[in-house]
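Accompanying notes for the structure given below.
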Number of protein chains: 2
Amino acid sequence: MNPYPTDHYRSLRIALLGAGSVGSQVARLLLEHRDELAARVGAPLELVGIGVRDVAAKRDVELPAELLTDDLGTLVASADIVVELLGGIEPARSLLLDALAAGADVVTANKALIAAHGPELFQAAETVGAQVNYEAAVGGAIPIIRPLEQSLAGDRVMRVMGIVNGTTNFILDRMHTEGSTLEEALAVATELGYAEADPTADIEGFDAASKATILASLAFHTVVPVEVVHRQGITGVTDAMVEQAERNDRVLKLVAICERLEGEGGEAVSARVHPVSLPATHPLAAVREAKNAIFVTAESAGDLMFYGAGAGGPETASAVLGDLVSIARRHVLGGPGAAASTHADLPIAPFGDVLARHELALTVADRSGVLAGVAGLFAEHGVSVESVRQDPADGEASLVLGTHTASEARIAAVLDALEAHPDVERIDSVIRLID
Amino acid sequence: MNPYPTDHYRSLRIALLGAGSVGSQVARLLLEHRDELAARVGAPLELVGIGVRDVAAKRDVELPAELLTDDLGTLVASADIVVELLGGIEPARSLLLDALAAGADVVTANKALIAAHGPELFQAAETVGAQVNYEAAVGGAIPIIRPLEQSLAGDRVMRVMGIVNGTTNFILDRMHTEGSTLEEALAVATELGYAEADPTADIEGFDAASKATILASLAFHTVVPVEVVHRQGITGVTDAMVEQAERNDRVLKLVAICERLEGEGGEAVSARVHPVSLPATHPLAAVREAKNAIFVTAESAGDLMFYGAGAGGPETASAVLGDLVSIARRHVLGGPGAAASTHADLPIAPFGDVLARHELALTVADRSGVLAGVAGLFAEHGVSVESVRQDPADGEASLVLGTHTASEARIAAVLDALEAHPDVERIDSVIRLID
C-alpha cells in the first residue's frame with residue numbers, strides 16, 4: 001500500500017547532535033531499525049553524523065567511530081533533519097537557527113531551549129516552511145505535545161496539571177512510602193541516577209517551570225514566557241507536611257499547573273509550579289517513583305490523563321524517533337511544516353489572581369483568644385476559613401487551618417499579617433490543596 | 001505569527017453526515033467556535049450542510065434548519081471535507097468512497113466501518129492523496145490513534161491492552177462496587193443511556209472487537225481483519241466470578257488485547273477481546289464507570305497509559321474536531337495526506353498460540369482422588385498448575401485451579417478433557433489472569 005517505495009526516494013540525511021543517554025539510544029535505534037524505519041517513512045533515514053564535544057570520550061553505547069565529529073556546524077549544514085540532544089541554550093540555539101535558515105527541519109528534546117527560545121525557533125522555521133518537533137521535551141516518552149497540538153485542536157483546554165519532573169516525584173514518593181527526609185530521599189535519587197550531582201534545576205522547580213511554559217503555550221495558543229511562571233520547588237517540603245497530608249488521606253506532589261482564568265479584565269492564563277496536596281484518590285496521586293503524568297481538562301473532551309516514563313535514554317529516544325519519522329514522512333509527501341499556533345495571545349494573569357485552597361500550619365502561643373485573633377486576620381483579608389484543628393503542647397499550640405478558595409494575593413496578605421502577629425510564633429508550612 | 005491570515009484563504013467547505021448525539025455537538029461547536037477554529041486552521045471552516053435521514057425529526061440540539069438536508073449524495077459532492085457520523089456500514093461506506101474519489105478528505109468516528117472497510121477507504125484516499133482521520137473511532141475523546149500512528153512511529157509497539165467499551169466497563173464496575181448481577185447492572189446502564197435498547201454489540205464484545213482491529217492494525221502496521229479477532233463478551237461473567245476475583249484482590253474487566261507473538265514460524269500478531277482478571281493495583285483496574293483507558297507497551301517507550309471519556313456527544317465531538325482541524329490545516333498548508341502504514345504485513349497468530357494464565361472454577365465430586373485425577377488431566381496436556389483451592393460442600397466440592405502461562409490451544413484441550421471427565425460435575429467459570 002505504500003506509494004513511495006524506498007528505492008524510489010532519496011535518503012533523508014539525519015544529523016544527530018549529542019551522544020549522551022538519549023542521543024546514543026537514538027543513534028542505536030536509527031542504525032538497528034534502519035529497514036523498518038525506511039518502510040514507515042517511505043525513504044531511508046541516513047545518519048550522516050553524530051556531533052559531540054569530544055570524539056575520543058568513552059561512551060556507554062558503542063557508536064560507529066566514522067560517524068562521530070566535533071565539527072557541529074559542518075554536520076548541521078549537510079542535513080535534511082537535525083536532531084538536537086545537546087541540552088542547554090548554546091550552542092544548541094545557534095546551531096538550530098543555522099539549520100532552520102538552511103531549510104532543514106529540527107527535532108529536539110531540549111525543554112530549556114524551547115521554553116526560553118521557542119518563539120524564535122518557530123518563527124525561523126515558519127519563514128522557510130520548516131518544522132520544529134519537540135515531543136520529548138515534556139514527559140519523556142509520553143505523547144503530550146501532539147495530543148495538545150493536534151488531537152485537542154478543536155477543543156478548548158481549560159487546565160493542564162502535570163507531574164512533569166521525575167526526580168522530585170521520586171523524592172516526594174519516597175518521603176511518603178519510606179518516611180525518608182527530603183535529604184535522604186535526594187541521596188537515594190542521586191545514587192540511582194534520578195538526580196544530577198547539582199539537583200537545583202529539579203528540586204527548585206526550574207525544570208518543571210520550563211515544561212509549564214511549553215504546555216501553557218500549546219494549550220492556550222499563547223506565548224507564555226518562562227519568566228512569568230510562578231515557581232516553587234520542593235525544598236520547603238518537610239516530614240511534618242508529609243505526615244499532615246497522610247493524616248488526611250492526601251499525597252504531596254510537585255505539579256505544573258496551566259490554567260485559563262476568568263479575571264476582571266476578561267480571560268487570562270496562568271502557569272505555575274509548586275507542591276500541592278492531592279486526595280489519595282486523585283489519578284495523579286497514584287503516579288509513583290520517577291513516573292510522569294499529565295492531566296488535561298478540556299471543555300468538550302472532559303478529563304484526560306497521559307501516563308508514562310518521563311525520562312530515560314530509550315524512553316526519550318522513542319519520542320525523538322516519533323518526531324523524526326513524522327517530519328521525515330512530510331519530507332517524502334511534501335508540503336511545508338505546520339506553524340506554531342499563538343493566535344489567541346491571551347494576557348498572562350498575575351500570580352495573585354490565581355485561586356486556590358490553602359492549608360496553613362502555625363505554631364501559636366497557647367492561651368485563650370489566640371484562635372479568635374488569628375481567625376480575625378483571615379476574615380480581615382477576605383479569606384474564609386473552612387477548617388481549624390488545634391493541638392496544645394507545652395505553652396505553645398499547633399494550629400492547622402484550611403481555607404476556602406481564595407486568591408493568592410489574599411493568602412499572601414494573610415501570611416504577611418500572620419508573620420507580624422505577636423501570638424504567632426512561626427508559620428510552619430503552607431500547602432495548596434487540590435480537590 | 002500565523003502566516004495564513006483567514007481573510008486570504010478561501011473557506012473550507014465542511015459536510016456533516018449525521019445529527020445524533022455526536023453530530024449535533026460537532027455542528028454546535030463548528031458554529032459557536034467559528035472564529036477560534038478559523039484562527040487555528042488559517043481558514044474559515046464553513047459548515048455547508050448537515051445530512052440526515054429525516055429533516056423534520058425532533059433533535060436535542062437545535063440546528064439551523066437551512067443546513068439540514070436528506071440529499072446526502074449532493075451534500076458530499078460539494079465538500080472539501082466530509083465528517084461522517086452516521087454509524088453503520090451503508091450508506092456511510094458508499095458516501096465516503098464517493099467523497100474520496102472526488103478528492104475530499106474524510107473524518108469519521110465510525111469504528112464498525114473502519115474495522116470492516118478501513119483498507120478500502122485508505123486505499124481510495126491514497127489514490128487521490130486525500131486523508132481519512134478516525135481518532136474518535138476508538139476511545140472517544142482519548143487521543144490514541146494519533147499517538148500510535150505518529151508519536152510511536154519510531155518505536156516497536158509490543159502490546160496494546162485497552163478498556164475500549166464503556167458500557168461493559170460500567171456493568172462490570174457495578175457488579176464489583178454494588179454487588180449487582182449482570183442483569184441488574186445492564187438495566188441501570190440502559191436507564192442511564194450507557195447501553196442501547198439492544199445491547200448485543202456491547203456486551204457480546206463486537207464493539208470492542210472493532211476497536212481491537214483498528215488498534216492492532218495501527219500498532220503493528222498490518223491489516224488485522226475484524227474476522228480474525230477472537231471475541232468473548234461479558235455475558236458469561238457471573239457474580240461468583242466477581243466474588244472470586246475480589247477474594248484475590250482482583251477486578252474483572254473486558255479488554256481488547258493486541259499483541260506481538262513470537263511463534264514457531266517467526267513473529268505474528270494477535271488481537272482478541274475477552275474478560276480478564278486484573279490485580280487491583282494494575283492501572284487499568286482503577287478505570288471506573290464508563291471510562292476508557294488504553295495501556296500501551298512499546299520496546300523503547302515502556303508502559304504508557306491514555307485515559308479519558310470513551311463516549312458521549314461533546315467528548316467524541318472533541319476528537320472529531322481535532323481530526324477536522326488537522327485535516328483543514330493540511331488543506332491550507334498543502335501536501336497530500338499521509339497514507340496508512342501497513343508495510344509490516346505480519347501474519348495473524350491463531351488464537352490457540354496466544355499465551356495466558358487461566359483460573360478455572362470446577363464443581364467436582366467430593367471424594368478422594370478427584371484432585372489427583374483432575375490435576376493429571378492438566379499435566380497430560382502440558383499445562384502446569386500453579387495453585388489449587390478446594391472447598392468441600394454436600395457431596396460435591398468446588399475446585400479453583402490457577403495455571404502457569406500456557407497456550408490457549410492447550411487450555412482448550414484441558415477444558416474438553418474436563419468436560420468429559422466423570423468426576424467433573426461442571427466447569428463453573430474460566431477467566432484469564434493478567435499480572
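Only the coordinates and a few stated rules stand behind these numbers; no lab work does. What you see is a predicted model, and the numbers here were worked out from it, not measured in a lab. Every residue, glycine among them, receives a Cβ derived from its backbone with ideal geometry; neighbour counts consider all protein chains shown.
What separates the B:Gly266 label point from its copies, with the point 7 Å along Cα to Cβ, is 6.1 nm, written shortest first. Label points for A:Glu425 are taken 7 Å from Cα along Cα→Cβ. From this copy to the others they lie 6.9 nm apart, shortest first. Among the listed pairs A:Lys111/B:Lys253; A:Lys58/A:Lys111; A:Lys111/B:Lys211; A:Lys253/B:Lys111; A:Lys58/A:Lys253, those whose Cα-Cα separation exceeds 32 Å are A:Lys111/B:Lys253; A:Lys111/B:Lys211; A:Lys253/B:Lys111; A:Lys58/A:Lys253. Counting, for every residue in B:144-151, the Cβ atoms of other protein chains within 10 Å of its Cβ and taking the mean gives 6.
For chain A, give the magnitude of the charge dipole about the Cα centre (Cβ charges: +1 Lys/Arg, -1 Asp/Glu; no others), in debye to the nearest 20.
Values: 31 positive and 61 negative charges, 233 e Å.
That gives chain A a dipole magnitude of about 1120 debye.
Cα centroids of the stretch B:149-224 and the stretch B:272-318: 9 Å apart.
If you take every residue apart from A:Val157 with its C-beta less than 10 Å away from the C-beta of A:Val157, what net charge results, scoring Lys and Arg +1 and Asp and Glu -1?
On the way: positive: A:Arg156, A:Arg159, A:Arg260; negative: A:Asp155, A:Glu259, A:Glu299.
That sum, taken over residues with Cβ under 10 Å, equals 0.
Rounded to the nearest 5, the antiparallel percentage of DSSP beta bridges internal to the protein assembly as shown is 70%. Measuring label to label, 7 Å along Cα→Cβ, what does A:Pro347 give against each other copy in nm, shortest first? Counterpart label points of A:Pro347 in the remaining copies fall at 6.7 nm. Length gained on full extension, A:Ala56 to A:Ala187, computed as 0.36 nm times the residue gap minus the Cα-Cα distance: 44.0 nm. Estimated from helical segments only, the mean residue ellipticity of chain A at 222 nm is -10500 deg cm²/dmol, where each DSSP H run of four or more residues counts as -39500 (n - 2.57).
Calculated FRET efficiency, A:Arg34 to A:Glu227, Cβ-Cβ distance, R0 = 60 Å: about 0.90 to the nearest 0.05.
For the protein assembly as shown, a simple Cβ point-charge model (Lys and Arg +1, Asp and Glu -1, everything else neutral) yields a dipole of about 1480 debye relative to the Cα centre. Rounding to the nearest 10 and keeping the result within 0 to 90°, find how far the Cα-based axis of helix A:92-101 lies from the longest principal axis of chain A. For A:92-101 against chain A, the angle is about 50 degrees.
Arrange B:Ser300, B:Ser21, B:Ser11 by Cβ neighbour counts within 10 Å, fewest through most, would you? Intermediate results must be reported in sequence, preceding the final value.
Details: B:Ser300 26, B:Ser21 18, B:Ser11 14.
Neighbour counts put them in this order, fewest first: B:Ser11, B:Ser21, B:Ser300.
Neighbours of A:Glu204 by Cβ distance under 13 Å: Lys/Arg scored +1, Asp/Glu scored -1, total -3.
Note on B:Val128 and B:Ala344: with the Förster distance fixed at 22 Å, the Cβ-Cβ geometry gives a FRET efficiency of about 0.35. Full extension of the chain between A:Asp428 and A:Tyr9 gives 144.3 nm of extra length, using 0.36 nm per residue less the Cα-Cα distance.
Positive-end ranking of A:Val385, B:Ala112, A:Pro279 along the dipole of the protein assembly as shown, with charges on Cβ about the Cα centre, is headed by B:Ala112.
Sparse packing (at most 12 other Cβ atoms within 10 Å of the Cβ) combined with a DSSP loop state is found for the following GluC sites (Glu not before Pro) in the stretch B:209-277: B:Glu264. Taking Cα atoms only, the orientation of helix B:111-128 departs from the longest principal axis of chain B by about 40 degrees.
With a sphere of radius 14 Å drawn around the Cβ of A:Leu377, what net charge do the other residues whose Cβ falls strictly inside it have (Lys, Arg +1; Asp, Glu -1)? So the surrounding residues net to -3.
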